Number of protein chains: 2
Amino acid sequence: MSTPQWVRALKPGSPQGSELLEQERSNSNVNVDALSHFLFTKEGIARKQRVLKVLQSEKVFDKSQNYFAGRIDRFETALARAKKLRQLAVRNGWTQDDRLTANELISEPGPYGLHESMFLITLRDQGNAEQHEKFLRPAEEYKYIGCYAQTELGHGSNVRGLETTATWNADDKTFTIHSPTLTASKWWIGSLGRTANHAVVMAQLIVNGKSLGPHPFVIQIRDMKTHEPLENIHVGDIGPKFGYNTMDNGFLLFNNFKVPHISMLARFSSVDPKTNKYSRPSSPSLIYGTLTWVRSTIVMQAGGVLARGVTIATRYCAVRRQFQDRDAPEWEKGENQVLNYTTVQIRLLPLLATTFALHFTGKGMMALYAASQKKMSQDVGKVGAPERGPGPEETHSGSDLLADLHATSCGLKSLASYTAVEGLEVCRRACGGHGYSSFSGIGPWYADYLPTATWEGDNYMLTQQVARYLLKSARSVLKGNEATNDTTAILSNFLSRQDTGAAFDILGNDSELVAAFAWRAAFLTFEALKHRDEQKKPWNSLLVDFYRLSRAHSQYMVVKNFYETLQASPDSSDGLDPETLGLMHKLFRLYALHTLEAEASEFYTSSAVTVRQIQLARTNAVMKLLEELRPHAVRLVDSWGFPDWQLDSSLGRYDGKVYEDMFHRASELNPLNRVTVDPYPDSPTLFKKNEASALKSKL
Amino acid sequence: MSTPQWVRALKPGSPQGSELLEQERSNSNVNVDALSHFLFTKEGIARKQRVLKVLQSEKVFDKSQNYFAGRIDRFETALARAKKLRQLAVRNGWTQDDRLTANELISEPGPYGLHESMFLITLRDQGNAEQHEKFLRPAEEYKYIGCYAQTELGHGSNVRGLETTATWNADDKTFTIHSPTLTASKWWIGSLGRTANHAVVMAQLIVNGKSLGPHPFVIQIRDMKTHEPLENIHVGDIGPKFGYNTMDNGFLLFNNFKVPHISMLARFSSVDPKTNKYSRPSSPSLIYGTLTWVRSTIVMQAGGVLARGVTIATRYCAVRRQFQDRDAPEWEKGENQVLNYTTVQIRLLPLLATTFALHFTGKGMMALYAASQKKMSQDVGKVGAPERGPGPEETHSGSDLLADLHATSCGLKSLASYTAVEGLEVCRRACGGHGYSSFSGIGPWYADYLPTATWEGDNYMLTQQVARYLLKSARSVLKGNEATNDTTAILSNFLSRQDTGAAFDILGNDSELVAAFAWRAAFLTFEALKHRDEQKKPWNSLLVDFYRLSRAHSQYMVVKNFYETLQASPDSSDGLDPETLGLMHKLFRLYALHTLEAEASEFYTSSAVTVRQIQLARTNAVMKLLEELRPHAVRLVDSWGFPDWQLDSSLGRYDGKVYEDMFHRASELNPLNRVTVDPYPDSPTLFKKNEASALKSKL
């Protein structure tokens, strides 16, 4: 549809969005570049610019039809992009960091996604030298394209419940892979539906009639030339989803399918083809380490994921104007920027604080992970932290550092992904009606991010692991054992001060604010312990308490990490200037006090604070912080440094040309406007003219 | 893709979903039919059956490709369905109720949606006799197909800020309709994008250079034969949205477009073509009545909207099994039904209670509306309740009944739609990974329902109206005026007992539980009044408090309506049997106590309850109610009576054949499985085989 000349001549009503954002930026002196460097390092920012340039010069990455295309076309484009990305990586000699940056900028899941992550990682970590030669090399060269097939139609978090079997045949030295039921079908497997020709399949190993638990097998599933499924394999895409539709999540069934001995990944456990004997895993903790690492990256990313939504909503709420302030004098005409309303501020500014809180917590986790890796290489074999689902409750072994990392990663993964998911939706709604348009850029992003709350451990299931660890720590402290890490330290502190009481000065002193969070977590830990050990309550009846406990502990971790990052800033080489650091302290207080108020009843009950303090926190402290932070909101989101190309949002444009962009996309890019309808109920024709159908394969 | 024979022979792992649901139903003696009758009346249930049969016999309503199709195909199908529905309505002589039932069963917005609602209603309510003849008659016969164009690109809730102008031309007795800026473009207008040939356009009326505020004009926008836009009109679809993609929401711009005098809907206000004088609206309250009614229906529907999600999640959580209960004895093998975990119960069962709470509250609202209609016809002209956005704060006039209805409808619309939106997403996540599949039926339904939280008054904006009303009522009570309705009654009661204190027996007595909600709402009202009238705080600084206040008042209304419905049941002809009534009382308590606990800090602060009571409410009362209600969960959702055809959900099937249905849709209906990919990065081909492209126009 062509836009008539008289429409092209129109401008939005005044003031222009671009003027409003300019004004916002001139009203604050936050040093955006310095804050960006503090968040991402100079090197990280330069990388982003460099990769962005490469991507923007390739036509296949043009995003203008993303929001319009249907599933098949989106998948086709995503495949083309995945291929081009691989070519670019080879041609430009991209590092792993370069490739991750490219994925972030493109911002859509691609059909090579699971090949490039779990397939390669599993082959590398769990294959032996021979298997590296046979599987890993061709996989690294994209001759084998793979996926990681664990989850089944009837079995998610509980890996022990998997139904797919791998039975050792002593006679011909093969395994028979079999799906005995429909619920045994592999399901949700990324890159499997249409793309992969190989899969790492988790199956129950059976040797001499004895079931030995789930083990990984590398299996060719499609013909290397025709790409058709091999005989006795049924494989396909599982259909459309709420998001993630550029990915071909797949299903996979085996009908007594034989694979050779080498298919079983044998670094840690294996079947000896001569003796037909099975040998046990030497160190399951190394495997668990990978998943703990995955969770840490989820925490790290959650801040950035949320920051996209906050950036879009904050900029748009500075451009959008609705109603006059009812207390404004008569002579002050014009509508008020939506960002000036406290009902908008109370939704967006605490989320802005949360983006930094999660980012710093993620950084802290990565440091903890690096330390644990070092530690782990020192005591391989000592640790057996349970992975998914409830494991043994009382028999926790291994170093305190690893146990702490495992528990922390579970709780924080749950809190961080939940916070990002909820926060994105708050941002979308804060944009009013236009938030519902795909052009807002928030809805599609939210829909793609949602599964993070489920995968790598369901957010509810995971909290049991945190609770189990905290209960164990509390038992140790009660026995009089000395504190060996932060968790046992806060529990000991609580025990020693329990009778004299707490009374933290949450409004006057930042470290006391952190201490109040520690106190509440410790209180809930001992409450839960009482229920379990003294009152002998059933585990199932305590799950809700455990969920709250995990949340409380994780919120303490976030508050602590935020605080400690700011404390360390003046001593660091890329430290913040005093003014920006002062603002960051305000964001810290806003995050902490807003969270404290939302969870008020636990803080009362634990006597960490008084009712009066909470009231003051809400009516005075939080409202005052909103007022003080308001002028800096736009510059603070600018410091996250999202290029417009990455956001792909009319509402979140850096230049504030919101309405021009909305209109351009609707009037000029929208393929539905190429059909002319026959609107009358009794006429059999639907579309009188359908330019779109000819174009459909390109939509 | 064809499913091989060996796959067809597979069954899900035991126990079968069908067995599990049978077992659930045999473990409870809830009289499903009786409860259904109580909710919907026998007549309503018979109507649903009758209409369902008609729809299922028409091929165009087949839903099997709904989740797969792209935007243009979905819109095309929706248009075909809209036409067929109109034909069926004529052929079968359907009543308004029959048509609404058909829409509910089809469960997708259609291109005639705004024609059949706001366009016809506005012509009827605001047109004079001549205009009824000229516009309403042909519209009723679908010769004119219309929409209601109010919102603009730059202007949502604030109707006074609209930029489109309608200037009276005294010389040739016409109006010039004009869009002076890009932000003046009409936007989001349902049925406008591709379907309508007429629009009711809200524009700022200008007579003799004087601006007289927004008024409605009926305007032809497309040619009656070619359906192309008329000259100097630019109109089209606004593009894809998070949901609602079967609807063609549109934009519309005018370039000095002339319309005759009769275009201005003249029942309440008009321009005299002889004198060129404007006469004022005789009764704006009649217009506002329509929107109050729309809000009441939103409250009524919210219970049913949420009930779909609760039905799906409850059934699936009874079929899905994960992990063993860790306290279960060794000999008790097999995984546990997910519905047995308290972390699942605490999410789903309070929502189940909420479905009934909202349904009964909706019924109460409709009764109040009927009463107000009667009252209104008695005192036309006395009332000027402000519609959208902040109106005059101090000058509220009109009968107490109408003011109460208006405030109640605003607050409850906000609470009910918010609760349904949030609750649906909780249901989706409670389904674990499979909740993310479109086949869950929750995601698409959620996405289509979402805008309800924004339209007919943004959920945040609306709460200001509630607060304004409550403040006014409190001022009246403080002056010593007698209580004239429930709101002033609870405020008076609070004032008289304020000093002696409350101490409600929330755990032992249901009416005290209701009283605690009233107390908290009254407390917050007087707090807000203090801030505004004594401390003279700026209105903007109080918006967050107002939001909380509105929420508190609306929750009180819901608790009260739920309680009163159950109290009245034994005396009603279709009253519940004592056993089911007992269960409903438990659901009432669960809703009230769970809400009370979630909002604990306001209940403490107001001294309605003690900290100890809240603790007991959580750890004892709520957990015990979950245990008692758990066995009846499946039968309770059955009583909502959703046919499988309406739910269109693999997970929510009445017969529990969840996995069979998931598999069927993925393996047999999914068009993506008709393409074969060329997976290698260096090969230029993307799809080796593409059966789908030939079929695309049918997808």
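If a residue has to be open to solvent by less than 50 Å² (accessible area, probe 1.4 Å) and part of a helix (DSSP H, G or I) to count, how many in the stretch A:55-70 make the cut?
Residues meeting the conditions: 3.
Identify, by number, the condition in (1) small (Gly, Ala, Ser); (2) at pLDDT 95 or above; (3) over 14 Å from B:Ala302 (Cβ atoms) that B:Gly433 doesn't meet.
All conditions pass for B:Gly433, except number (2).
Based on what the data block shows, is B:Val207 under 25 Å from B:Arg280 (Cα atoms) and modelled with pLDDT of 95 or more?
The answer is yes for B:Val207.
Quick check on my filter: what residues within the stretch B:108-139 are within 12 Å of chain A (Cβ to nearest Cβ) and out of contact with any helix residue (DSSP H, G or I) (no Cβ under 7 Å at 6 or more places or on another chain)?
Residues satisfying the conditions are B:His115, B:Glu116, B:Pro138.
Out of all the residues in the stretch B:670-688, which are of a type outside the set (A, V, I, L, M) and more than 20 Å from A:Ile238 (Cβ to Cβ)?
Those that are of a type outside the set (A, V, I, L, M) and more than 20 Å from A:Ile238 (Cβ to Cβ): B:Asp678, B:Tyr680, B:Pro681, B:Asp682, B:Ser683, B:Pro684, B:Thr685, B:Lys688.
Here are the criteria: (1) open to solvent by less than 20 Å² (accessible area, probe 1.4 Å); (2) within 17 Å of A:Ala666 (Cβ to Cβ). Tell me which single one B:Tyr244 does not satisfy.
The single condition B:Tyr244 does not satisfy is (1).
Determine whether the stretch B:536-543 contains at least one residue that is part of a helix (DSSP H, G or I) and open to solvent by 20 Å² or more (accessible area, probe 1.4 Å).
The answer is yes; a qualifying residue exists.
Out of A:Ala403, A:Ala385, A:Ala420, report the one residue that is of a type outside the set (Lys, Arg), assigned by TED's automatic domain parsing to the domain that holds A:Thr314 and modelled with pLDDT of 75 or more.
The match here is A:Ala420.
Looking at the stretch B:43-54, I want the residues that are assigned to a helix (DSSP H, G or I) and have a partner that is open to solvent by 40 Å² or more (accessible area, probe 1.4 Å) and of a type in the set (Phe, Trp, Tyr) with Cβ atoms under 7 Å, at least 6 apart or on another chain. Which pairs are those?
Note: pairs meeting the criteria are B:Leu52/B:Trp645.
Condition check: of a type in the set (A, V, I, L, M, F, W, C) and within 12 Å of chain A (Cβ to nearest Cβ). Does B:Phe642 satisfy that?
no
Please determine whether any residue of the stretch A:195-204 is open to solvent by less than 10 Å² (accessible area, probe 1.4 Å) and more than 16 Å from A:Ile233 (Cβ to Cβ).
Checked against the condition, which is being open to solvent by less than 10 Å² (accessible area, probe 1.4 Å) and more than 16 Å from A:Ile233 (Cβ to Cβ), the stretch A:195-204 yields no hits at all.
Which members of the stretch A:550-606 meet the condition of being aromatic (Phe, Trp, Tyr) and free of Cβ contacts under 8 Å to residues at least 40 places away in the same chain?
Answer for the stretch A:550-606, where residues must be aromatic (Phe, Trp, Tyr) and free of Cβ contacts under 8 Å to residues at least 40 places away in the same chain: just A:Tyr604.
How about the stretch A:490-514: which of its residues are buried (at least 16 other Cβ atoms within 10 Å of the Cβ) and of a type outside the set (D, E, K, R)?
Those that are buried (at least 16 other Cβ atoms within 10 Å of the Cβ) and of a type outside the set (D, E, K, R): A:Ile490, A:Leu491, A:Ser492, A:Asn493, A:Phe494, A:Ala502, A:Phe504, A:Ile506, A:Leu513, A:Val514.
Got a sec? Which helices (runs of 4 or more DSSP H) wholly within the stretch A:630-686 have at least 2 residues that are among the acidic types (Asp, Glu)?
Once the helices (runs of 4 or more DSSP H) in the stretch A:630-686 are filtered for at least 2 residues that are among the acidic types (Asp, Glu), what remains is A:658-664.
Considering only the stretch A:587-604, state which residues are within 26 Å of the chain's Cα centre (by Cα) and assigned to a helix (DSSP H, G or I).
A:Leu587, A:Phe588, A:Arg589, A:Leu590, A:Tyr591, A:Ala592, A:Leu593, A:His594, A:Thr595, A:Leu596, A:Glu597, A:Ala598
Restrict the check to the stretch A:441-451 and report whether at least one residue is outside the structural domain of A:Gly156 (by TED's automatic domain parsing), not in a helix (DSSP H, G or I) and not polar (S, T, N, Q).
Yes: the stretch A:441-451 contains one or more residues that are outside the structural domain of A:Gly156 (by TED's automatic domain parsing), not in a helix (DSSP H, G or I) and not polar (S, T, N, Q).
Residues being within 15 Å of B:Asn31 (Cβ to Cβ), open to solvent by less than 40 Å² (accessible area, probe 1.4 Å) and modelled with pLDDT of 85 or more: count how many of those fall in the stretch B:563-577.
Looking only at that region, the number is 1.
Just to be sure, is A:Arg428 over 20 Å from the mean Cα position of the chain (by Cα) and within 13 Å of chain B (Cβ to nearest Cβ)?
So A:Arg428 fails the test.
Only one of A:Gln555, A:Gln615 is surrounded by 18 or more Cβ atoms within 10 Å (Cβ to Cβ), assigned by TED's automatic domain parsing to the domain that holds A:Asn459 and part of a helix (DSSP H, G or I). Can you tell me which?
So the residue among A:Gln555, A:Gln615 that is surrounded by 18 or more Cβ atoms within 10 Å (Cβ to Cβ), assigned by TED's automatic domain parsing to the domain that holds A:Asn459 and part of a helix (DSSP H, G or I) is A:Gln555.
Give the residue that is modelled with the highest pLDDT, with candidates limited to residues of the stretch B:260-282 that are open to solvent by 10 Å² or more (accessible area, probe 1.4 Å) and in a strand (DSSP E or B).
Within the stretch B:260-282, the match that is modelled with the highest pLDDT is B:Pro260.
Within the stretch A:521-567, work out how many residues are of a type in the set (Val, Ile, Thr) and within 11 Å of chain B (Cβ to nearest Cβ).
1
Across the stretch B:205-229, what is the number of residues that are open to solvent by 10 Å² or more (accessible area, probe 1.4 Å) and within 12 Å of another protein chain (Cβ to nearest Cβ)?
Matching residues across the stretch B:205-229 total 6.
Name the residues in the stretch A:671-685 that are within 7 Å of chain B (Cβ to nearest Cβ) and either in contact (Cβ under 8 Å) with a residue 24 or more places away in the chain or under 16 Å from B:Gly250 (Cα atoms) (or both), would you?
Residues satisfying the conditions are A:Pro671, A:Leu672, A:Asn673, A:Val675, A:Thr676, A:Val677, A:Pro679.
Considering only residues that are away from chain B (no Cβ under 14 Å), of a type in the set (A, V, I, L, M, F, W, C) and in a loop (DSSP other than H, G, I, E, B), which ones fall in the stretch A:1-42?
Hit for the stretch A:1-42 is A:Val30, nothing else.
Pick out the one residue from A:Thr41, A:Thr77 that is modelled with pLDDT of 95 or more and open to solvent by 40 Å² or more (accessible area, probe 1.4 Å).
On inspection, the qualifying residue turns out to be A:Thr77.
Would you pick out the residues in the stretch B:153-181 that are without any contact (Cβ under 8 Å) to a residue 60 or more places away in the chain and in contact with a helix residue (DSSP H, G or I) (Cβ under 8 Å, 6 or more places away or on another chain)?
Result: B:Gly154, B:His155.
Looking only at the stretch A:645-669, filter to residues that are aliphatic (A, V, I, L, M) and open to solvent by less than 10 Å² (accessible area, probe 1.4 Å); which one of those is nearest to the other protein chains (Cβ to nearest Cβ)?
The selected residue is A:Ala666.
Could you grab me the full set of residues in the stretch A:172-191 that are among the basic types (Lys, Arg) and closer than 28 Å to A:Lys241 by Cβ?
A:Lys186
The values are calculated or read from the model by the stated rules, or taken from the named source; none is laboratory data. Because the structure is predicted, anything quoted here is derived from the model rather than measured. Virtual Cβ from ideal backbone geometry, glycine too; neighbours counted across all protein chains shown. To get the accessible areas, we keep the full protein, side chains included, count just its heavy atoms, and leave off ligands, DNA and RNA. Shrake-Rupley method; radii C 1.70, N 1.55, O 1.52, S 1.80 Å.
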